[in-house]
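Reviewing the structure listed below.
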Amino acid sequence: MSVVLYHHPFTRAASVVWMLEEAGCPYSLQFVDIAANEQKSASILALNPMGKLPILVDGTTVVTESAAIALYIADRYAPGLLAPALDDPDRGTYLRWSVFAPSVVEPGSMAQAAGWTFKSGTAGWGTHEAMVATMEAAIGAGPWLLGDQFSMADVIFGGTLRFMMRFGMAEPRPAFVAYSERLAARPALQRAEARNAAVVAERGLGR
C-alpha cells in the first residue's frame, strides 16, 4: 500500500479520506497529533514546510493542499471517472469549479465573516453576493457540477459548501440543501465519515 495520508480527523485531511474512498484507492492513515504540535516536527516539515495537514505521500510523490491532492487522486486513480479526460470538453468546467472553492469561496467567506473592508474589483473573490449566486448557478439543475456525472470537483466544491452550511456560513438555499443531501447519500462519504469517527474514538479526541 503505497498511498499514505498524514491525517488528523479535525483537519482538512478528513476530506481527503472522502477523496480516497471515492477513487477506491487503497491507503493508510498516518496519525499526526496536532494537540502535541507534531505537524511542526522536523519529519513533517520535510514533507510540507507549512507544517500543516493534509499531506499525501504516494511512493516518491508528495502532494499537499487539499484541492491539489483531490486533482492528483482523480487523475492518478480515477481518470475518466472522477476526472474528465484531458480532451473531454467537460475538463474546463471540472477544473473551474475545483479551483473556485479554495480560491474564491474560502477567502470570500472569511472576508465576509471577518468584516474585511476591500474593493471588490481588486479582490479575487469579488463580492460575497456574487460569490453565493455563482455557487448556486454552478449547481444549477444538477445533480452534479458536470450534470449527470459526479466528479472530484463535487468533493472539493461540495465539501466546502457542506462545511459552510454546517457552521452557518452559507444560507440554506434550496439548491444548496438538496445538493448537500445528495452528497451525504454517497456511500464513499459515509465510509469516510465512519473512518474519521473511528479515529476520533480510538484516539479519545474531543473529550
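The table that follows gives values for the structure above.
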quantity: Residues located in region 103-118, provided they are assigned to a helix (DSSP H, G or I) and out of contact with any Ser or Thr (no Cβ under 7 Å at 6 or more places or on another chain); calculated: Ser103, Val104, Pro107, Gly108, Ser109, Met110, Ala111, Gln112, Ala113, Ala114
quantity: Condition check for Phe157: closer than 17 Å to Cys25 by Cβ, touching a residue at least 12 places away in the same chain (Cβ under 8 Å) and of a type in the set (Phe, Trp, Tyr); calculated: no
quantity: Helices (runs of 4 or more DSSP H) wholly inside region 1-91 containing at least 1 residues that are among the hydroxyl-bearing types (Ser, Thr, Tyr) and in contact with a Phe, Trp or Tyr (Cβ under 9 Å, 6 or more places away or on another chain); calculated: 13-23
quantity: Only one of Ala194, Ala184 that is within 15 Å of the chain's Cα centre (by Cα), of a type in the set (A, V, I, L, M), surrounded by fewer than 16 Cβ atoms within 10 Å (Cβ to Cβ) and over 21 Å from Gln112 (Cβ atoms); calculated: Ala184
quantity: First in region 131-143 and assigned by TED's automatic domain parsing to the domain that holds Phe157 and in contact (Cβ under 8 Å) with a residue 40 or more places away in the chain, second anywhere and buried (at least 16 other Cβ atoms within 10 Å of the Cβ) and aromatic (Phe, Trp, Tyr), Cβ under 6 Å, 6 or more apart; calculated: Ala138/Trp97; Ile139/Tyr179
quantity: Test: Gly126 is surrounded by fewer than 16 Cβ atoms within 10 Å (Cβ to Cβ) and over 29 Å from Glu21 (Cα atoms); calculated: yes
quantity: Count of region 26-69 residues which are within 19 Å of the chain's Cα centre (by Cα) and hydroxyl-bearing (Ser, Thr, Tyr); calculated: 4
quantity: Residue that is under 15 Å from the mean Cα position of the chain (by Cα) and surrounded by fewer than 19 Cβ atoms within 10 Å (Cβ to Cβ), where the choices are Phe163, Phe150, Phe167; calculated: Phe163
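The values are calculated or read from the model by the stated rules, or taken from the named source; none is laboratory data. Note that this is a predicted model, so its numbers are computed, not measured. Cβ: placed from backbone, ideal geometry, glycine included. Neighbour counts: every protein chain shown.
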